[in-house]
Amino acid sequence: MTARDGFGPAHGVLCGAAAGAAGTTALNTVGYLDMLLRGRGASSAPATTVERLSETAHVPIPGDDDARHNRISSLGALTGIVAGAGMGATLGLALGCGWRPPTAVLTATATVGALIGTNGPMTVLRVTDPRTWSRSDWISDIVPHVAYALVTTAVLTGLRAGRVRVPR
């Protein structure tokens, strides 16, 4: 397949995962900058989500109190990375199968997909309830997800157009 044609489904998944990883780095950077500027602490929601998933699936997380706490914290962070790379892979697959949306639609899809992919499980497990969030809460959540989408879209678009070379 030529650069003009884009890429096929398998290559799309790989390129999408890479784009999603880049987007996840942007999301984390924006989130940490917000924490730095406002002096706020990290969210406990990812760790609480892991604990709820563990309880629901009846899969205990081993270790004494400190080791278990550290594992839960690590798993919480890893779920965000997996969600970001997974959303990127999904977008790459769609592009590899022939979906050709305008950039704005691809960016909006990435934003909404990332928001649902991260907040959906937390909402279903009753870790959070977005209906109760303040305007500041929404802004703190949406801005990093938009950064994710902008970077993911830019990388995917560049890869599809052949502006970035990826070994095949």
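The values are calculated or read from the model by the stated rules, or taken from the named source; none is laboratory data. Note that the structure is a prediction, hence the values are computed from the model and not measured. Note that we place each Cβ from the backbone using ideal geometry, even for glycine, and neighbour counts take in every protein chain shown. The accessibility values were calculated without ligands, DNA or RNA, using every heavy atom of the protein model including side chains. Shrake-Rupley method; radii C 1.70, N 1.55, O 1.52, S 1.80 Å.
Return the only residue of His145, His69, His58 being more than 17 Å from the chain's Cα centre (by Cα) and closer than 20 Å to Gly41 by Cβ.
His69
For Thr103, indicate whether it is buried (at least 19 other Cβ atoms within 10 Å of the Cβ) and closer than 30 Å to Gly162 by Cβ.
No; evaluated as a whole, the condition is false for this residue.
Please verify whether Arg131 is more than 17 Å from Leu14 (Cβ to Cβ) and of a type in the set (Lys, Arg), treating the condition exactly as stated. Give the derivation first.
Numbers: more than 17 Å from Leu14 (Cβ to Cβ): yes; of a type in the set (Lys, Arg): yes.
Answer is yes for this residue.
May I ask you to verify whether Leu27 is open to solvent by 70 Å² or more (accessible area, probe 1.4 Å) and modelled with pLDDT of 95 or more?
Taking the combined requirement at face value, the residue does not satisfy it.
Residues of the range 53-88 being in contact (Cβ under 8 Å) with a residue 12 or more places away in the chain, closer than 16 Å to Pro121 by Cβ and surrounded by fewer than 16 Cβ atoms within 10 Å (Cβ to Cβ), which ones?
Thr56, Ala77, Ile81
Output the residue which, of all residues in the range 106-130 that are of a type in the set (A, V, I, L, M, F, W, C) and under 24 Å from Gly158 (Cβ atoms), is surrounded by the fewest Cβ atoms within 10 Å (Cβ to Cβ).
Within the range 106-130, the match that is surrounded by the fewest Cβ atoms within 10 Å (Cβ to Cβ) is Val112.
Quick check: is even one residue across the range 144-163 more than 16 Å from Gly6 (Cβ to Cβ) and of a type in the set (Lys, Arg)?
no
Right, Leu91: of a type outside the set (S, T, N, Q) and open to solvent by 50 Å² or more (accessible area, probe 1.4 Å) or not? It would help to see each step written out before you state the result.
Values: of a type outside the set (S, T, N, Q): yes; open to solvent by 50 Å² or more (accessible area, probe 1.4 Å): no.
Considered against the rule, which asks whether it is of a type outside the set (S, T, N, Q) and open to solvent by 50 Å² or more (accessible area, probe 1.4 Å), Leu91 comes out as no.
Against the definition (farther than 14 Å from Ala22 by Cα, touching an Asp or Glu at 6+ places or on another chain (Cβ under 7 Å) and modelled with pLDDT of 95 or more), how does Thr123 come out, yes or no? Show your work before the answer.
On the way: farther than 14 Å from Ala22 by Cα: yes; touching an Asp or Glu at 6+ places or on another chain (Cβ under 7 Å): yes; modelled with pLDDT of 95 or more: yes.
It is true that Thr123 is farther than 14 Å from Ala22 by Cα, touching an Asp or Glu at 6+ places or on another chain (Cβ under 7 Å) and modelled with pLDDT of 95 or more.
Could you grab the pairs with beta carbons closer than 7 Å, sequence gap of 6+ or different chains, first residue in the range 134-157 and of a type in the set (D, E, K, R), second one assigned to a helix (DSSP H, G or I) and open to solvent by less than 60 Å² (accessible area, probe 1.4 Å)?
If the second residue must be assigned to a helix (DSSP H, G or I) and open to solvent by less than 60 Å² (accessible area, probe 1.4 Å), no pairs are left.
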